[in-house]
Each structure stands twice: as C-alpha cells, then as structure tokens.
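Student: Quick one: the structure is below, and I'll ask about it shortly.
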Amino acid sequence: GGARGGVLPRGMAVVAPSFSPAVASEIGDVIEVGGAFFVRADNASRVEAYTQPGAKLVVMHDIPGHGGFFMVPDGNLLCGLIQWVVKEDTSVMPQYWMEKTEFDTLNAKAQASAEAAKAEAANSSS
C-alpha cells in the first residue's frame, strides 16, 4: 500500500513530526501560486470529489505563511488547490482553495441573482 502517484488513500494516517500543526486558513484568504491567485472557499462537493479514493493529486511546494501540504487536483491549477492541514491530534483535514477568477465569477453571479430576487420581491410587494 501507501501513497503512490499522488493518490492519498482514505483513512491514511499522516504523521508529520517535523511540521508544527497548521492553523486552519480562513474562508476568503487569498494566496498566490506561480502568478495565479486562489481564494479559500467552503466547497464540500469539490473537497469530496478531489479527495475520493483514486483521485489524482499532484504534490506541490509549500506556500509561505500557510502550513500543511498543498496538492493540485489532476495537476491542473484551474481546478484549485487542496490544502491538507495536519491538526494537533495528527488527523488531517482537507481545505479547498478556488482559482480566484472562477471564485469572483461565481460570487458576481450569486450577487446578481440575489439582487434580482430582492428587486422582484420589492416589485411584488408594491
């Protein structure tokens, strides 16, 4: 067994005594990797998809100011980043970082539909 080809088996214990426990990043934090920007996002469906057994994750370098291990789903930065944070109890927690252009586009769409719904509600009440 073991992690081969960047695949992390479910339930695999990661013990990293040389790393201090990583502080979980905050939703909305922004990092830069190779000229691309990523926003820490709460996206359980992507975390599940990118960390399921058989998912291909490419290990990348550490990111200054952020602990844990960063991996790139399918080796494609447009998929975002998975940050594996080693908690104090040595369990590992995946966090998702979305590519910023996609994040901004999704937020703009969500904001526009919220404003449209608000305007529709205001029109129907008058």
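Student: Which one of Gly80, Gly67, Gly54, Gly28 is modelled with pLDDT under 90 and among the small types (Gly, Ala, Ser)? Explain how you work it out, then say what you get.
Tutor: On the way: Gly80 fails: modelled with pLDDT under 90; Gly54 fails: modelled with pLDDT under 90; Gly28 fails: modelled with pLDDT under 90.
Going through Gly80, Gly67, Gly54, Gly28 in turn, just one is modelled with pLDDT under 90 and among the small types (Gly, Ala, Ser): Gly67.
Student: Additional query: Starting from the range 57-78, keep only residues that are exposed (fewer than 14 other Cβ atoms within 10 Å of the Cβ), then list their pairs with residues that are polar (S, T, N, Q) whose Cβ atoms are within a distance under 9 Å, requiring at least 6 positions of separation or different chains.
Tutor: Every condition considered, the pairs that remain are Leu78/Thr101.
Student: In addition: Does the range 95-111 hold any residues that are closer than 16 Å to Glu48 by Cα and surrounded by fewer than 18 Cβ atoms within 10 Å (Cβ to Cβ), and which are they? Working first, answer last.
Tutor: Let us first name the residues in the range 95-111 that are closer than 16 Å to Glu48 by Cα, namely 95-98.
Of everything in the range 95-111, nothing turns out to be closer than 16 Å to Glu48 by Cα and surrounded by fewer than 18 Cβ atoms within 10 Å (Cβ to Cβ).
Student: Next question. Checking Gln83 against (1) assigned to a strand (DSSP E or B); (2) of a type in the set (S, T, N, Q); (3) open to solvent by 50 Å² or more (accessible area, probe 1.4 Å), only one condition comes out false. Which one?
Tutor: (3)
The values are calculated or read from the model by the stated rules, or taken from the named source; none is laboratory data. Keep in mind the model is a prediction, meaning the values are calculated, not measured. Ideal geometry is used to build each Cβ from the backbone, glycine not excepted, and the neighbour counts take in all protein chains shown. Heavy atoms of the whole protein, side chains included, go into the accessibility calculation; ligands, DNA and RNA do not. Shrake-Rupley method; radii C 1.70, N 1.55, O 1.52, S 1.80 Å.
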